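See structure below.
Each value in this text was obtained by applying a stated rule to the coordinates, not by laboratory testing. Owing to the predicted nature of the structure, the values given are computational and were not obtained by experimental measurement. Here the Cβ is made from the backbone with ideal geometry for all residues, glycine too, and neighbour counts use every protein chain on show.
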């Protein structure tokens with residue numbers, strides 16, 4: 001085993017009473033399995049796979065220490081001996097794989113989506129429906145007792161520790177900051193009083209669990225909201241938490257109500273490692289940094305430059321459970337890299353669905369989406385090497401089928417080759433790299449630059465048509481004017497556009513193209529932080545300061561036929577970021593638009609009954625896609641086994657999550 005490439009990442013961490021096998025913490029993620037029928041068996045398989053994959057310390061999704069602390073009325077709670085017994089299946093599974101696991105205890109406070117919400121003060125959060133009731137001194141003490149009791153039960157359940165969720169704007173954080181704590185008793189007012197709640201809580205937990213049990217405290221080090229903490233206050237609290245008995249300090253960046261992106265793919269890699277670097281010399285217990293760390297090298301660079309003692313990665317372990325093992329074996333190129341899209345993880349949890357992963361649909365489906373060895377050797381042809389075709393070919397080959405993959409272009413990746421050229425979506429390049437490696441390793445016979453005919457496919461047992469989509473050309477008079485270019489041609493051929501551009505279609509592609517057209521050149525991390533008003537000194541409350549936003553020199557109009565809201569793109573949890581970026585850069589958003597014609601004057605439109613002429617240099621078509629399938633009907637006519645997947649099946653909005661899952665599920669059933 002060669003671990004020379006990442007010596008800091010793979011170094012053990014001695015906690016005195018126990019040792020972690022490396023510096024990797026798998027950050028807390030709610031999966032939706034916490035509340036589902038048979039969910040703990042599935043969670044056990046999920047966490048065991050990550051323990052087997054080498055994670056140093058796993059932290060579970062959040063469990064509430066009492067009823068009022070639940071995020072939703074039916075959210076998971078951990079407050080009884082029965083709960084402790086139920087969790088044994090999880091801890092046993094992790095320990096059998098040589099791993100360690102901590103239970104996260106999370107009290108929602110004013111983020112609770114039910115009328116029993118409580119908080120430090122009766123102040124409604126901007127993202128909640130309910131105004132919380134102000135906690136009495138008696139309720140505060142009972143809540144501290146509930147955390148201590150749940151921590152003791154976690155030890156009985158076989159957990160190696162607990163993580164106390166003190167960041168992201170949940171209850172503990174609500175006591176710490178003026179923003180949500182307007183009390184005048186011993187639990188509010190001065191900062192000394194406002195930090196009393198987390199300190200008393202830690203002391204109570206430590207007294208209950210003993211000295212040889214891990215207590216991780218998730219400390220909000222950069223609130224990114226008005227009336228948040230300053231760096232001086234963070235340092236003071238961190239030192240007191242260390243004295244109170246915390247084993248490891250984990251980092252939280254931004255409250256959930258903050259209007260600054262912190263984990264989306266638009267955020268530069270390791271964008272917040274400087275936050276822990278500022279604190280590291282002030283404390284002596286291990287300090288964990290987090291957010292947008294998705295490769296072993298990024299993690300190694302953080303640790304070798306002493307910005308932190310550990311790195312927390314959450315979504316990268318959805319993408320690849322074997323991340324650490326592959327790093328140990330110097331196989332970083334074999335890692336299925338998290339692209340930070342949020343589409344199958346956070347977006348799913350946000351609407352009450354089970355989490356998974358766009359690039360790894362087996363995540364959280366370890367016991368259900370199983371690629372079992374094929375019973376018989378069959379020849380399979382996959383036509384089209386976009387995301388759907390590559391995922392299907394790899395999954396089928398993993399089962400032991402003989403797979404040929406045909407692609408008419410001389411490159412793999414399909415639409416991902418366009419996506420990776422959009423600013424903030426460069427990570428899609430990693431997905432192409434991963435699947436290319438897997439095609440090679442699983443023995444798929446890749447035939448590039450080869451359009452295949454019906455006759456050539458006659459000898460295969462199964463044919464999978466994954467030929468993708470092409471841009472739709474709406475029937476607008478003058479659509480063939482030289483000013484008009486479709487999005488594929490624009491990105492693929494790097495067409496030079498003028499300073500005045502109209503974009504027709506405000507779905508995900510239209511939003512991406514508008515972002516690309518207004519992106520500043522050569523933006524550094526400091527430029528990005530400045531653009532979002534993040535104060536690296538954290539002298540201003542919450543780490544925010546007034547700033548001037550970048551406005552693009554190029555004037556862009558982004559339009560859609562449908563009236564109403566627009567500019568958000570497809571992501572539930574990232575849509576607001578897309579819209580904010582477009583607004584910051586001066587993009588004009590027009591909905592309810594009729595496209596009348598294109599001529600030398602520009603684009604003629606009607607909006608709210610008013611005719612306008614946009615004097616533009618170019619018009620970019622992002623008005624949807626149509627399926628490309630010239631094979632399936634002819635193959636079916638020959639009574640062949642044909643499966644149509646991906647964009648060839650349903651064009652719609654470009655949806656890599658759907659097409660990759662469809663491909664893997666098909667391969668599992670063949």
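Short-range pairs are left out: with C-alpha atoms under 8 Å and at least six residues apart, the relative contact order of segment 114-211 is 28 percent.
Per residue, the Cα convex hull of segment 433-520 amounts to 189 Å³. For segment 1-118, the C-alpha radius of gyration sits at 1.21 times the compact-globule guess of 2.2 N^0.38 Å, with N the residue count.
The translational diffusion coefficient of segment 13-287, from Stokes-Einstein at 37 °C and 0.692 mPa s with a Kirkwood hydrodynamic radius over alpha carbon pairs, comes to 175 µm²/s.
Here the alpha carbons of segment 112-159 define both size measures, Rg and Dmax, at 13.8, 38 Å. Across segment 321-415, Cα-Cα distances exceeding 20 Å account for 53% of all pairs. Highest mean first, the peptides 390-398, 63-71 sorted by other C-beta atoms within 10 Å per residue fall in the order 390-398, 63-71. When 364, 338 are arranged by Cβ crowding within 10 Å, least crowded first, meaning fewest neighbours, the order is 364, 338.
In the chain, the C-alpha radius of gyration followed by the widest Cα-Cα span (Dmax) gives 26.4, 82 angstrom. Gyration tensor analysis over the Cα atoms of segment 484-623 returns equivalent ellipsoid semi-axes of 30, 17, 14 Å (largest first, whole Å).
In terms of packing, defined here as the mean over residues of other Cβ atoms within 10 angstrom, the peptides 592-599, 14-21, 215-222 line up highest first as 215-222, 592-599, 14-21.
With contributions of -39500 (n - 2.57) from each DSSP H run of at least four residues, the per-residue ellipticity at 222 nm computed over the chain stands at -9000 deg cm²/dmol.
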